[in-house]
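Asker: Questions regarding the structure given below will be posed in turn.
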Amino acid sequence: MMPARYVTWSRRSSGPISAAPTIPSCWRGQNVAFGGGSDILIRWVGWTARRETQGVLLVNEKMLDMAKVEKGGVVYDLGCGDGRIVVAAAKRGAKATGWDINPERVKEAEANVKKNKVEQNAKIIQDDIFTLDLSGANVITLYLLPSLNVKLIPQLEKLKPGSRIVSHDFSMAGVKPDQVEQFTCKNGGSHTIYLWTTPLKKEKVESGEIENH
């Protein structure tokens with residue numbers, strides 16, 4: 001449990017935050033990482049909290065563009081937060097499904113789907129992403145810690161040839177990306193998007209790479 005004095009946000013929820021908090025000693029060694037600047041991040045296995053910037057919507061669209069999401073596509077968003085990518089993909093005519101293990105995020109995502117009237121093309125499911133059969137998708141979207149991306153590799157290897165995987169900000173150690181796009185939004189936020197296509201192209205993992213990318 002997080003201490004009561006800390007406020008949690010969904011992966012893609014908006015909310016004010018004055019400064020990056022100090023990592024509580026009880027969290028150390030529990031896959032927690034913090035980032036600073038205009039894009040403050042608090043990360044924990046299974047969820048992400050962040051201060052949103054206006055660039056997030058641009059990032060979402062850029063991810064879908066790089067993955068060539070269009071009508072008739074099948075998109076799985078793993079760790080969907082409040083469902084913004086699911087909604088954006090559904091608006092393009094794709095069949096989009098988002099998974100999150102946090103029931104509060106699932107409720108937010110379902111409300112977002114309903115608000116945007118994309119129920120016909122979008123659905124949200126509460127489940128553990130590491131237990132899923134991903135073979136039905138041709139696009140996977142990720143915004144997870146590097147170690148979690150790596151943990152997904154056995155599932156991603158079962159995707160059909162030509163399927164696309166896109167990740168916001170974090171790479172996948174041991175797998176060479178086909179494309180890496182770096183850009184800065186008007187508000188100054190810097191972002192990196194990685195694209196892989198299947199079959200995955202394996203490469204040697206250097207010491208510490210999983211933790212540092």
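Asker: Let me confirm something: among Asp178, Asp128, which residue is of a type in the set (Asp, Glu) and under 16 Å from the mean Cα position of the chain (by Cα)?
Answerer: Matching residue, one of Asp178, Asp128: Asp128.
Asker: What are the pairs, 6+ residues apart or on separate chains, where a residue within segment 62-89 that is in contact (Cβ under 8 Å) with a residue 60 or more places away in the chain and hydroxyl-bearing (Ser, Thr, Tyr) has its Cβ under 7 Å from a residue that is crowded, with 24+ Cβ neighbours inside 10 Å and part of a loop (DSSP other than H, G, I, E, B)?
Answerer: That search, which allows pairs on different chains as well, returns Tyr76/Ala137.
Asker: Which of the residues spanning segment 78-102 are over 12 Å from Gln126 (Cα atoms), part of a strand (DSSP E or B) and not small (Gly, Ala, Ser)?
Answerer: Lys95
Asker: From the list Thr131, Thr97, pick out the single residue that is in contact with a Cys (Cβ under 9 Å, 6 or more places away or on another chain) and hydroxyl-bearing (Ser, Thr, Tyr).
Answerer: Exactly one residue qualifies, and that residue is Thr97.
Asker: A further question follows. So which residues in segment 151-166 are closer than 17 Å to Pro199 by Cβ and over 13 Å from the mean Cα position of the chain (by Cα)?
Answerer: Within segment 151-166, Ile153, Pro154, Gln155, Leu156, Glu157, Lys158, Leu159, Lys160, Pro161, Gly162, Ser163, Arg164 qualify.
Asker: For Asp128, work out the one condition from (1) in contact with an Asp or Glu (Cβ under 6 Å, 6 or more places away or on another chain); (2) surrounded by fewer than 24 Cβ atoms within 10 Å (Cβ to Cβ); (3) not hydrophobic (A, V, I, L, M, F, W, C) it doesn't fulfil.
Answerer: Of the numbered conditions (1) in contact with an Asp or Glu (Cβ under 6 Å, 6 or more places away or on another chain); (2) surrounded by fewer than 24 Cβ atoms within 10 Å (Cβ to Cβ); (3) not hydrophobic (A, V, I, L, M, F, W, C), the odd one out for Asp128 is (1).
Asker: Which members of segment 103-130 meet the condition of being assigned to a helix (DSSP H, G or I) and among the charged types (D, E, K, R)?
Answerer: Those that are assigned to a helix (DSSP H, G or I) and among the charged types (D, E, K, R): Glu104, Arg105, Lys107, Glu108, Glu110, Lys114, Lys115.
Asker: Restricting to segment 181-196, and then to whatever is under 17 Å from Tyr143 (Cα atoms) and surrounded by 17 or more Cβ atoms within 10 Å (Cβ to Cβ), can you tell me which residue is modelled with the lowest pLDDT?
Answerer: The qualifying residue modelled with the lowest pLDDT is Gly189.
Asker: If the requirement is being under 21 Å from Lys202 (Cα atoms), touching a residue at least 60 places away in the same chain (Cβ under 8 Å) and either touching a Phe, Trp or Tyr at 6+ places or on another chain (Cβ under 9 Å) or assigned to a loop (DSSP other than H, G, I, E, B) (or both), which of these qualifies: Leu144, Leu134, Leu159?
Answerer: Leu144
Asker: For segment 139-180, which residues satisfy the criterion of being surrounded by fewer than 20 Cβ atoms within 10 Å (Cβ to Cβ) and under 17 Å from Gly73 (Cβ atoms)?
Answerer: The answer is Lys160, Pro161, Gly162.
Asker: Taking Lys107, is it surrounded by fewer than 21 Cβ atoms within 10 Å (Cβ to Cβ), on the phi > 0 side of the Ramachandran plot and without any contact (Cβ under 8 Å) to a residue 12 or more places away in the chain?
Answerer: Answer is no for this residue.
The values are calculated or read from the model by the stated rules, or taken from the named source; none is laboratory data. Every value quoted in this text rests on a predicted model; they were computed, and no experiment measured them. All Cβ positions, even for glycine, are placed from backbone atoms using ideal geometry, and neighbour counts span all protein chains on display.
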